[in-house]
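Derivation of every value follows stated rules applied to the coordinates shown; laboratory data play no part. Since we're looking at a predicted model, the values are computed, not measured. Don't worry about glycine lacking a Cβ; one is built from the backbone with ideal geometry, like all the others, and counts go over all protein chains shown.
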Amino acid sequence: MASSNDCDPLPAGVLPVGIKVLIAGGFGVGKTTFVNALSEIEPLSTEEILTAVSAATDRLDGVENKATTTVALDFGRITLSPSHVLYLFGTPGQERFWFMWDELSEGALGAVVLADTRRMEHSFAAVDFFERRGIPFVVAVNEFDGAHRYRAEEVRTALDLTQEVPVVLCDARVQSAGIRVLLELIQHLLTTRSSHGSDTDQLLRA
Amino acid sequence: MTPVLPDGPLIDEAVGRLVRPYTVSDGRTRATSHFTLVTVVQATGAQTQGAFGLDHAQVLALCERPVSVAEVAARMQVPAAVVKVLLSDLAEGGAVVADDAPPPSPGHCARPDRDLLEAVRDGLLKRL
């Protein structure tokens, strides 16, 4: 690598690519625990400004009605290789506003929706958001101590999920369990790519 | 206790940030280059032209190694939008380079290619 006194700029394209995955679910469902268990750094928090276009208001002055909200996003990092770094972003708490926030999902690979079987309704908003936006996601049931154990199919029914959405059971405190959840998401992305058929995939199968 | 040239942001434990966030970006809230939270940046080591302030210097110090916009913002304890403005200045001056990931289409999630997904999968498998 060039020394810091070197005036030649680094060539472009040598930097790793950052990849964003969202970790969603309601309050107290284990998002922070999940990110903490997986992150190689002490999880950090940053404030991002999200823009919401308010469609309901009359636009008398020709100025777009845009409201901005500052939300705190907690995140962790997993360095996968010299070329790929995965960032796990916990979604902000004000779920009822998510539908307005384009930036939340912008550029995200996909999402993990954590669910707590004792408070399944806390995950409805997240499921709804990703379904509407067409963002690929998996549901990970965080098996809290003392919570009744349900089968994945029962969770699927309770959350009214389509057959394509993978449902996995996990312990959010355990790193390997979190890795398996992320692998499930990647496998889901690979599968849906194949079934929807990109050009390359169709060529390969022909 | 008033540090003149602090290493970190001016944070008071009781009241938080002592400088209003957008003061450091001269009131600008829009970056001229496209940076996302996960854009990876690195200082080039090139001598910078122009009058960069302490905050620019702080950003440069934080990105001596490849680092994401979100990490720089978190470590400086300023909103990501502010860091994006500062990074834009530095990128224009050639002091910082960003990864060459294509900017995301507004309102859409990533449409990753198979190679990327397989690279992520392989990286995760190594962690099991």
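Measuring r between the beta carbons of A:D160 and B:S33 and using R0 = 45 Å, the FRET efficiency lands at 0.60. For B:A57 and A:D102, the FRET efficiency from 1/(1 + (r/R0)^6), where r spans their Cβ atoms and R0 equals 35 Å, is about 0.60.
Summing Cβ point charges (Lys, Arg +1; Asp, Glu -1) relative to the Cα centre of the range A:17-197 gives a dipole of roughly 360 debye. The label point for B:D115 and the one for A:S45, both projected 7 Å from the Cα toward the Cβ, are 4.0 nm apart.
Taking the beta-carbon count within 10 Å as an exposure proxy, list A:I49, A:I23 from fewest neighbours to most.
Ranking A:I49, A:I23 by Cβ neighbours within 10 Å, fewest first, gives A:I49, A:I23.
Label positions at A:T191 and B:D100, each projected 7 Å from the Cα along the C-beta direction, are separated by 3.5 nm.
Compared with the direct C-alpha span, the chain from A:D128 to A:A152 gains 6.8 nm at full extension, assuming 0.36 nm per residue.
The residues A:V174, B:V83, when put in order of fewest to most other Cβ atoms within 10 Å, stand as A:V174, B:V83. Ranking of B:C63, A:C170 by neighbouring Cβ atoms within 10 Å, starting from the fewest: A:C170, B:C63. Note on the range A:17-197: percent of Cα-Cα distances in each 5 Å bin, starting at 0 and stopping at the bin with the largest distance, equals 1, 8, 16, 21, 20, 15, 10, 5, 3, 1, 1, 0.
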